[in-house]
Structures are given as C-alpha cells and as structure tokens.
1. Condition first: within 16 Å of ligand 1 (Cβ to nearest atom) and assigned to a loop (DSSP other than H, G, I, E, B). Now tell me which residues in segment 152-176 satisfy that.
2. Any residue in segment 108-116 that is at negative phi and at pLDDT below 95?
3. Name the residue that is farthest from Gly71 (Cα to Cα), counting only residues in segment 1-23 that are within 15 Å of ligand 2 (Cβ to nearest atom) and in a helix (DSSP H, G or I).
4. How many of the residues making up segment 36-63 are in contact (Cβ under 8 Å) with a residue 12 or more places away in the chain and either among the acidic types (Asp, Glu) or closer than 27 Å to Glu104 by Cβ (or both)?
5. Considering only segment 189-204, state which residues are within 16 Å of ligand 2 (Cβ to nearest atom), surrounded by fewer than 18 Cβ atoms within 10 Å (Cβ to Cβ) and in contact (Cβ under 8 Å) with a residue 12 or more places away in the chain.
6. Suppose we filter Gly247, Gly229 for residues that are more than 28 Å from the chain's Cα centre (by Cα) and not aliphatic (A, V, I, L, M); which single one remains?
7. Identify all residues within segment 94-119 that are within 15 Å of ligand 1 (Cβ to nearest atom) and either outside any loop (DSSP other than H, G, I, E, B) or crowded, with 20+ Cβ neighbours inside 10 Å (or both); write none if there are none.
8. Confirm whether Tyr171 is among the hydroxyl-bearing types (Ser, Thr, Tyr), away from ligand 2 (no atom under 16 Å from the Cβ), in contact with a Leu (Cβ under 8 Å, 6 or more places away or on another chain) and outside the structural domain of Leu276 (by TED's automatic domain parsing).
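The values are calculated or read from the model by the stated rules, or taken from the named source; none is laboratory data. Just so you know, these numbers come straight off a predicted model, no measurement behind them. Here the Cβ positions follow ideal geometry from the backbone for every residue, glycine too, while neighbour counts run over all protein chains shown.
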Amino acid sequence: MDVSIVIPLFNEDESLPELAEWIERVVKENGLSYEIIFVDDGSTDNSWQVIMNLRSRNEHIKGIKFQRNYGKSAALNEGFRAAAGDVVITMDADLQDSPDEIPELRRMITEEGFDLVSGWKKKRYDNKLTKNLPSKLFNAAARQMSKIKLHDFNCGLKSYRRNVVKSIEVYGEMHRYVPVLAKWAGFRKIGEKVVEHRARKYGVTKFGWTRFVNGFLDLMTIFFMGKFGKRPMHFFGLWGSIFFLIGLGISAYLTVSKIIDFNYPLTNRPGFYMALTSIVIGMQLFLAGFIGELVSRNAAGRNSYLIETKAGL
Ligand code: UDP
Ligand code: MG
C-alpha cells in the first residue's frame with residue numbers, strides 16, 4: 001500500500017465528509033493505493049456515525065474509536081500502530097490542512113529519502129497573538145534543545161517512512177514533538193515543506209490556554225529525557241555534589257575560624273546560612289539523582305533498543 005492517512009479527531013463531524021472526499025480525489029488523481037484511518041478520540045457528536053457512513057461506501061476508509069477522550073497523542077499512537085502504508089501521513093480533521101499536499105509529502109519520502117517531512121504553516125490562519133507568538137517561542141526553544149532545524153514542530157500535517165511510526169511511541173502530549181521522538185529513535189533525515197494552512201471551517205479549536213503550560217512542561221521532559229533520561233545521576237548527582245562541596249568548604253572555613261578565635265560570631269556570618277542551604281540542597285539533588293537512577297534501573301524499557309538489521313541471527 002502506498003500511503004496511510006492517519007487523522008486524529010475529536011468532535012469534527014461537520015468536516016469529515018468534505019475531508020474524506022477531498023483526500024479520495026487527490027489519491028485517485030495520483031494513482032496511489034491508500035487507506036484513511038480516522039481515529040475518533042472519544043467524540044461526543046456524530047463523528048463515529050459519519051465515519052461509518054463514509055466507510056459503507058468506501059472500504060479504504062477505516063476507523064478506531066476510543067471509549068473516551070485520551071488526547072491527540074494517544075490517537076496518533078493508535079493510528080500509527082494500525083497503519084499499513086509504506087508512507088504514513090498525518091493530518092488534522094478540521095480542514096486546516098490541505099490534502100493537496102499529500103503527493104509531494106509522499107514523494108519527498110520515497111524519492112528524496114527523507115525519514116520524516118514536517119509541514120510548515122508559514123502563513124497561518126489562526127488568532128495572531130494568542131497562538132502565533134507563543135508558537136514562535138516554542139519552536140525556537142524546541143529547535144535549540146533538539147538541534148532539529150524545523151520551523152513548525154507542532155504542524156499536524158507530516159509524512160513518515162513506515163519504519164519511523166513503528167519505532168516511536170507518542171504519549172502524553174508529545175504529539176508536539178514527534179520529530180524529536182523520531183530523532184531519538186535514530187531517524188536523522190528530517191525535512192520540511194511549506195504547506196498551505198487554512199482557517200478552521202467548522203467547529204472550534206480543541207486546545208485551550210493549557211496548551212502553553214503543557215507544551216512548556218513537555219518541552220522540559222523532552223530536554224531532560226533526551227539528555228539525562230537514562231542517567232539521572234549525571235545531572236542531579238553532579239549538581240548535588242557541587243552544592244554539597246560548596247557547603248562543606250564554607251563550613252570548614254567557619255570551623256577553622258572558630259577554632260582560631262573562640263569569639264568568632266559563627267551564626268552571624270552570611271556564610272553560615274550559605275553553608276547550611278548548600279548542604280541541604282546538595283543532599284536533595286544527590287538523593288533525587290540516586291532515586292532516579294534506581295527507578296531507571298528497574299524501568300521496563302531499560303534494555304529495549306531499536307535494532308535496524310541483524311545478520312546470521
Ligand atoms: N484532537 C484530538 N483529540 C483531542 C484534541 C484534538 O484528536 O483531544 C484533534 C482535532 O480533532 C483535530 C486535531 O487534533 O483534528 C487538531 O486539533 P485543533 O484543530 O483543535 O488544534 P489547533 O488547530 O487549534 O492547534
Ligand atoms: Mg486546527
């Protein structure tokens with residue numbers, strides 16, 4: 001199969017028929033064999049009925065329905081597990097992403113050898129201040145931390161080599177950073193294509209202001225997991241030791257001063273409090289690192305590596 005189109009959706013019944021029709025038209029014009037996988041993330045409107053209606057006239061349309069709303073990441077993850085195409089393309093269900101981009105996104109994978117191609121909504125049709133500015137900041141931070149040169153990490157429109165989606169697990173709200181997950185899994189050829197972005201035609205956005213808080217926290221997770229996920233002691237242990245040693249040094253100085261001059265006003269010195277806090281902070285950090293290390297030693301995935309090929313085994 002040439003291409004699987006994975007579409008996560010939550011209460012988008014108005015958009016679905018138009019979207020399905022448009023995708024069908026594009027893949028037919030380009031002679032692609034395909035499947036469309038709608039992942040209904042616990043919609044409470046008629047989305048699932050609409051998907052079943054679409055399926056009754058086109059068996060290439062498939063569906064997965066969650067019992068409740070788990071979030072876009074979960075929906076993508078299940079779509080990825082199910083996808084059978086050589087190239088997997090994700091897009092939003094709200095008609096903000098144009099299916100006309102499918103052939104080129106696929107071509108960049110099959111002919112130009114990219115593992116992942118991310119859309120770039122260079123010209124956006126969202127509310128300017130509340131979305132565009134924070135999104136610019138996020139992208140700059142994500143670019144810095146991951147060293148992946150993308151302008152628009154969170155674009156819903158992306159294409160993947162099959163291998164990529166089978167190698168990664170999208171959980172929590174990590175859908176914002178799928179390229180980072182792909183890079184961790186060893187897929188380095190990550191490309192970008194400017195895509196057309198359109199105003200939302202029906203319904204409303206499903207992410208409120210919490211997107212900024214969650215996005216920021218997930219960025220931190222990405223950063224720490226990537227750098228110290230498998231060796232927490234190297235971060236916490238290092239800083240813990242540094243703080244502890246600073247505290248110890250100051251204490252030693254104060255102790256010596258006290259021995260030399262018994263009238264030395266120990267508890268009046270700023271150093272006394274610095275030593276105290278440094279030692280406490282140092283021990284806290286060290287303990288966090290040590291406990292982290294114990295946890296990671298017992299983690300189920302501690303020895304799961306992605307093996308590309310084997311010979312003679
Ligand atoms: N979505 C989802 N589960 C959720 C929230 C959103 O599957 O819990 C889907 C939504 O239906 C849409 C896509 O994710 O297809 C992007 O969401 P939305 O358009 O609301 O985000 P925005 O374009 O405002 O960033
Ligand atoms: Mg949208």
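1. Here is the first cut: in segment 152-176, the residues within 16 Å of ligand 1 (Cβ to nearest atom) are 152-158, 170-176.
Passing the criteria: Asp152, Phe153, Asn154, Cys155, Gly156, Leu157, Val170, Tyr171, Gly172, Glu173.
2. So the first thing to find is which residues in segment 108-116 are at negative phi, and the list is 108-112, 114-116.
If we keep only those that are at pLDDT below 95 as well, we get none.
No: zero hits.
3. Only one residue fits best here, namely Glu18.
4. Residues meeting the conditions: 14.
5. Within segment 189-204, Glu196, Arg198, Ala199, Arg200, Lys201, Tyr202, Gly203 meet the criteria.
6. Values: Gly229 fails: more than 28 Å from the chain's Cα centre (by Cα).
None of the others qualify; the one that does is Gly247.
7. Step one: list which residues in segment 94-119 are within 15 Å of ligand 1 (Cβ to nearest atom), which gives 94-99, 118-119.
Passing the criteria: Asp94, Leu95, Gln96, Asp97, Pro99, Ser118, Gly119.
8. Values: among the hydroxyl-bearing types (Ser, Thr, Tyr): yes; away from ligand 2 (no atom under 16 Å from the Cβ): yes; in contact with a Leu (Cβ under 8 Å, 6 or more places away or on another chain): no; outside the structural domain of Leu276 (by TED's automatic domain parsing): yes.
No: the conditions fail for Tyr171.
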